[in-house]
Amino acid sequence: MSNQASNEQSADCLFCKIIAGDIPSNKVYSDDDVYAFHDINPAAPQHVLIIPKKHLTDVRSANEEDQALMGKLLLKANDLAKELGLDEKGFRYVINTGEYGGQTVFHLHLHILGGRALGWPPG
Ligand code: 5GP
Ligand code: ZN
């Protein structure tokens, strides 16, 4: 899965800069394809972001060649949720998408939120 193309980055992107190490982050996990780190402004006792190293703006930007990467993002998030101790009580995966979805950073990221009971529906 890892090749030159899968690590394309965008010069203006905050999360690409975090992946490159140009902006510091509190790393949880990293491999050739994905990077996970603690959210700077946690919305729950545990709040981790997992992102593809390839710059994708959001899920809508993914296509067939990203199928394995999308699957890996979810499966790796499962591992991390378990490691964070969230598995037993449950937790939430969130992918905010676009303006009305509440997206503020336009590099695809999967939020892992847990450690307390979360309300529904979102505001
Ligand atoms: P969104 O609203 O786009 O779904 O989520 C973006 C998330 O990125 C927010 O939860 C926000 O707190 C987090 N965030 C924004 N800037 C930084 C940063 O520089 N470092 C880290 N670790 N998280 C950030
Ligand atoms: Zn990016």
Report task. Check the range 21-28 and report whether any residue there is over 11 Å from the mean Cα position of the chain (by Cα), among the basic types (Lys, Arg) and within 16 Å of ligand 2 (Cβ to nearest atom). Result -> no
Query raised in the report: Across the range 16-37, which residue is farthest from ligand 1 (Cβ to nearest atom) among those that are buried (at least 16 other Cβ atoms within 10 Å of the Cβ) and within 20 Å of Ala81 (Cβ to Cβ)?
Result: Asp33
Query raised in the report: Is there a residue being in contact (Cβ under 8 Å) with a residue 60 or more places away in the chain and closer than 21 Å to Gly123 by Cα anywhere in the range 33-41?
Result: yes
Requested in this report: Among the candidates Leu113, Leu80, Leu108, Leu86, single out the residue that is surrounded by 15 or more Cβ atoms within 10 Å (Cβ to Cβ) and assigned to a helix (DSSP H, G or I).
Outcome: Leu80
Query raised in the report: Within the range 89-98, is there a residue that is surrounded by fewer than 12 Cβ atoms within 10 Å (Cβ to Cβ) and more than 25 Å from Asp12 (Cα to Cα)?
Result: yes
Report task. Looking at (1) away from ligand 1 (no atom under 13 Å from the Cβ); (2) open to solvent by 60 Å² or more (accessible area, probe 1.4 Å); (3) modelled with pLDDT of 95 or more; (4) aliphatic (A, V, I, L, M), find the lone condition where Ala11 falls short. Result -> (3)
Requested in this report: For Val59, work out the one condition from (1) touching a residue at least 40 places away in the same chain (Cβ under 8 Å); (2) away from ligand 2 (no atom under 16 Å from the Cβ) it doesn't fulfil.
Outcome: (2)
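Are any of the residues in the range 39-58 assigned to a strand (DSSP E or B), more than 19 Å from Asp87 (Cβ to Cβ) and open to solvent by less than 10 Å² (accessible area, probe 1.4 Å)?
Within the range 39-58, one or more residues are assigned to a strand (DSSP E or B), more than 19 Å from Asp87 (Cβ to Cβ) and open to solvent by less than 10 Å² (accessible area, probe 1.4 Å).
The values are calculated or read from the model by the stated rules, or taken from the named source; none is laboratory data. What you are looking at is a predicted structure, and each value in this text was computed from that prediction instead of being measured. With ideal geometry, Cβ positions are generated from the backbone for all residues, glycine too; neighbour counts draw on all protein chains shown. These accessible areas exclude ligands, DNA and RNA; they are computed on the full protein's heavy atoms, side chains included. Shrake-Rupley method; radii C 1.70, N 1.55, O 1.52, S 1.80 Å.
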